[in-house]
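I have placed the structure first, in the form of C-alpha cells, so that the comments after it can refer back to it.
The values are calculated or read from the model by the stated rules, or taken from the named source; none is laboratory data. Small disclaimer: the values here were computed from a predicted structure and weren't measured. Don't worry about glycine lacking a Cβ; one is built from the backbone with ideal geometry, like all the others, and counts go over all protein chains shown.
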Ligand code: HEM
C-alpha cells in the first residue's frame with residue numbers, strides 16, 4: 001500500500017483481492033473498440049456526424065445496456081460491478097477515465113510497462129450509441145480470412161498492422177470461458193484452481209496473471225507445444241500472416257521492445273474517440289498521487 005492510500009483508489013487492491021486485472025484490461029479495450037476513425041459513417045451513415053460521441057470509442061458508453069448487452073461484451077458486467085467500488089473512491093473522476101485507469105493499472109500491476117496516461121475524458125450520456133449498429137468487435141465473417149478479419153476490425157479504428165500485433169499481446173493476460181465468449185475449455189491445469197473467484201477457462205499463457213512476452217513466444221511454436229493453452233484463429237493469424245509475423249518474432253525475441261511499443265499503443269487505444277476537458281487532458285502520475 002502506498003502512503004496516500006492510492007492502492008485502493010487506483011484499483012491495485014481490488015486486483016490483488018479479486019485477481020481481476022485481465023478482466024479490467026478487456027473492459028478498457030472494449031470501451032475503446034467502438035471507435036470508428038471515419039466517425040461512424042461506415043455503419044451509421046444517415047445519423048453520424050462523425051463528432052463525439054457518435055464516433056464511438058473511449059466514452060464510458062459500455063456502461064449502458066444496449067452496448068453492454070452485445071454478445072462480444074459478455075462477462076463485462078462483472079467488471080463493471082467491481083469498478084463501481086473504484087468509481088465511488090474516485091467520485092470526481094469520469095467513468096470513462098476510471099475504466100481506462102483500471103486498464104492501465106491492470107497492465108502495470110501484472111508486471112507490464114508503465115503507461116503514461118492523461119486524464120479528463122468526458123463520459124457520454126448517450127445510451128443508444130450501439131443499439132442501432134453493432135459496434136462491438138464485428139462477428140467473424142466467413143468470407144474473410146482471420147488476418148483480413150483482424151485488419152477489418154482494427155482498420156475501422158485506424159490502427160496499423162504493428163499496432164494490431166502489439167495490442168493483441170494483451171492476451172498474455174487472462175482466459176476465455178465457454179460461459180462468456182463460448183471459447184476455451186471449462187478448465188485447464190493452469191486455471192482449474194484459480195486464483196480468483198471465477199476459476200476455470202483457457203488461458204493463452206501458463207502464467208496468465210503475468211504481463212510478459214510469452215504470448216508471442218507461444219505463437220511461434222508449431223504445432224502448439226501445450227494443448228492446455230488457447231489459440232483462437234485470430235491469434236494464429238498473427239503467426240501466419242507474413243507482415244504480422246515479423247512483429248511477432250521481434251516481440252518474442254525482445255520483451256523490452258514489446259513493452260515500449262505496447263505502452264505507446266495502449267495509450268493511443270485509451271484515447272480513441274476521447275474528448276478531454278481541458279482539451280489537452282491532465283497529466284497525473286498515479287504512483288505519485
Ligand atoms: C479482434 C481482436 C480480438 C479478439 C477476437 C479477442 C477475443 C477475445 C476472447 C474470445 C476473449 C475471451 C473472453 C471470455 O471468454 O471471457 C478475450 C479475452 C481477453 N481479451 Fe481479447 N480479443 C481481441 C483483442 C484484444 C485486445 C486488443 C486486447 C487488449 C488490448 C484484449 C484483451 C483481452 C484480455 C485481457 C482478455 C482476458 C479477459 C479475462 O481473463 O477475463 N483483447 N479476447
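Taking the condition under 22 Å from residue 115 (Cβ atoms) and surrounded by fewer than 21 Cβ atoms within 10 Å (Cβ to Cβ), does residue 226 pass?
Spelling it out, it is not the case that residue 226 is under 22 Å from residue 115 (Cβ atoms) and surrounded by fewer than 21 Cβ atoms within 10 Å (Cβ to Cβ).
Within the stretch 105-125, which residues are in a helix (DSSP H, G or I) and out of contact with any helix residue (DSSP H, G or I) (no Cβ under 7 Å at 6 or more places or on another chain)?
108
A quick yes/no check of all residues on (1) closer than 20 Å to residue 146 by Cβ; (2) part of a helix (DSSP H, G or I); (3) within 22 Å of the chain's Cα centre (by Cα):
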residue: 200; (1), (2), (3): no, no, yes
residue: 212; (1), (2), (3): no, no, yes
residue: 247; (1), (2), (3): yes, yes, yes
residue: 250; (1), (2), (3): no, yes, yes
residue: 262; (1), (2), (3): no, yes, yes
residue: 266; (1), (2), (3): no, yes, yes
residue: 279; (1), (2), (3): no, no, no
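Given (1) at pLDDT 95 or above; (2) out of contact with any strand residue (DSSP E or B) (no Cβ under 9 Å at 6 or more places or on another chain); (3) within 12 Å of the ligand (Cβ to nearest atom), identify the lone condition not met by residue 253.
Unmet condition: (3).
Just to be sure before I move on: is residue 98 crowded, with 22+ Cβ neighbours inside 10 Å, within 14 Å of the ligand (Cβ to nearest atom) and assigned to a helix (DSSP H, G or I) in the structure I sent?
Answer is no for this residue.
Of all residues in the stretch 52-69 being within 18 Å of the chain's Cα centre (by Cα), crowded, with 19+ Cβ neighbours inside 10 Å and more than 24 Å from residue 14 (Cα to Cα), which is modelled with the highest pLDDT?
Looking at residues that are within 18 Å of the chain's Cα centre (by Cα), crowded, with 19+ Cβ neighbours inside 10 Å and more than 24 Å from residue 14 (Cα to Cα), I get 57.
Considering only the stretch 160-178, state which residues are in contact (Cβ under 8 Å) with a residue 40 or more places away in the chain and more than 7 Å from the ligand (Cβ to nearest atom).
161, 162, 163, 164, 165, 166, 169, 172
When the residues of the stretch 1-39 are filtered to those that are modelled with pLDDT under 85 and in a helix (DSSP H, G or I), which remaining residue is nearest to the ligand (Cβ to nearest atom)?
So, considering only residues that are modelled with pLDDT under 85 and in a helix (DSSP H, G or I), the one nearest to the ligand (Cβ to nearest atom) is 10.
Whether any residue in the stretch 242-251 is within 21 Å of residue 27 (Cβ to Cβ) and touching a residue at least 60 places away in the same chain (Cβ under 8 Å) is what I want to check.
No, the conditions are met nowhere in the stretch 242-251.
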